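The values are calculated or read from the model by the stated rules, or taken from the named source; none is laboratory data. All values derive from a computational prediction rather than experimental measurement. Positions of Cβ are generated from backbone atoms using ideal geometry, with glycine treated the same way; all protein chains shown enter the neighbour counts.
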Amino acid sequence: MLDRVALITGNAGKAAEYAALLGIEVTPAKAELTEVQSLDVAVVAARKAADAYAQIGEPVLVDDTGLTVHAWNGLPGALVAWFLDTVGAQGILTMTAGLTDRSATVSTALGYATADGVRVFQGTVSGSLAPEPRGTSGFGYDSIFIPDTDSSGRTYAQMTSEEKNKISHRSRAVEEMRNALGLA
């Protein structure tokens, strides 16, 4: 049974968050990874997990997250970090200002690699883009994404961490992993 995994991250807080979600020891680790250019977070996570395992040689976990604007046919997808770095959340909203279809999804893919190979676990939440940034919690696109799972119409950034973690795409991916690996 899995009781420990290395998470490829430079953020010890992220490792602690995954430890709490998975109920196992998660230690931060570093690796030089090639990030394939794909809109699909599962493709990116699978490649990163395989590369990380080849370097570290122990069970390893990587994550990749994406935001898909339906009217943009899959963009920015797994490239959302690049969009956020170049134009920010407000820039994404500016580019989508004329859209009548503001539906979007957010997805997290967890790539898990061992000597037996790579498995990918994915969680997705449907929602829509807010007309303007709202809230101060979270990071990235949290201030512009309104999940359908919240009946009050709040963005992720308007929720407490506990509220967001109950309904988020990351928590859904973790739940899929927990069930598949018998950690539940």
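Residues in segment 63-75 that are over 19 Å from Ala46 (Cβ atoms) and either modelled with pLDDT under 95 or over 12 Å from the mean Cα position of the chain (by Cα) (or both): Val69, His70, Ala71, Trp72, Asn73, Leu75.
Identify, please: which residue in segment 133-162 is in a helix (DSSP H, G or I) and modelled with pLDDT of 90 or more and is, among those, farthest from Ala104 (Cα to Cα)? Checked segment 133-162; the qualifying residue farthest from Ala104 (Cα to Cα) is Gln158.
What are the pairs, 6+ residues apart or on separate chains, where a residue within segment 4-22 that is within 18 Å of Lys166 (Cα to Cα) and at pLDDT 85 or above has its Cβ under 7 Å from a residue that is among the acidic types (Asp, Glu) and assigned to a strand (DSSP E or B)? Short answer, once both residue conditions are applied: Ala19/Glu25.
Scanning segment 107-126 for residues that are touching a Lys or Arg at 6+ places or on another chain (Cβ under 9 Å) and free of Cβ contacts under 8 Å to residues at least 24 places away in the same chain returns no hits. Considering only segment 48-68, how many residues are touching a Gly at 6+ places or on another chain (Cβ under 8 Å) and free of Cβ contacts under 8 Å to residues at least 40 places away in the same chain? Total meeting the criteria: 1. With respect to being among the hydroxyl-bearing types (Ser, Thr, Tyr), surrounded by fewer than 21 Cβ atoms within 10 Å (Cβ to Cβ) and within 23 Å of Pro59 (Cβ to Cβ), Ser171 fits the description. Every test in (1) crowded, with 21+ Cβ neighbours inside 10 Å; (2) more than 21 Å from Leu84 (Cβ to Cβ); (3) in contact with a Pro (Cβ under 7 Å, 6 or more places away or on another chain) is passed by Thr114 save one, and that test is (1). Which residue is surrounded by the most Cβ atoms within 10 Å (Cβ to Cβ), if the candidates are limited to segment 129-157 and must be polar (S, T, N, Q) and out of contact with any strand residue (DSSP E or B) (no Cβ under 9 Å at 6 or more places or on another chain)? That would be Ser143. Test Leu93 against the criterion of being part of a loop (DSSP other than H, G, I, E, B) and farther than 16 Å from Ala173 by Cβ, and give yes or no. No: the conditions fail for Leu93.
For segment 20-63, which residues satisfy the criterion of being part of a strand (DSSP E or B) and crowded, with 20+ Cβ neighbours inside 10 Å? Answer for segment 20-63, where residues must be part of a strand (DSSP E or B) and crowded, with 20+ Cβ neighbours inside 10 Å: Val26, Val60, Leu61, Val62, Asp63.
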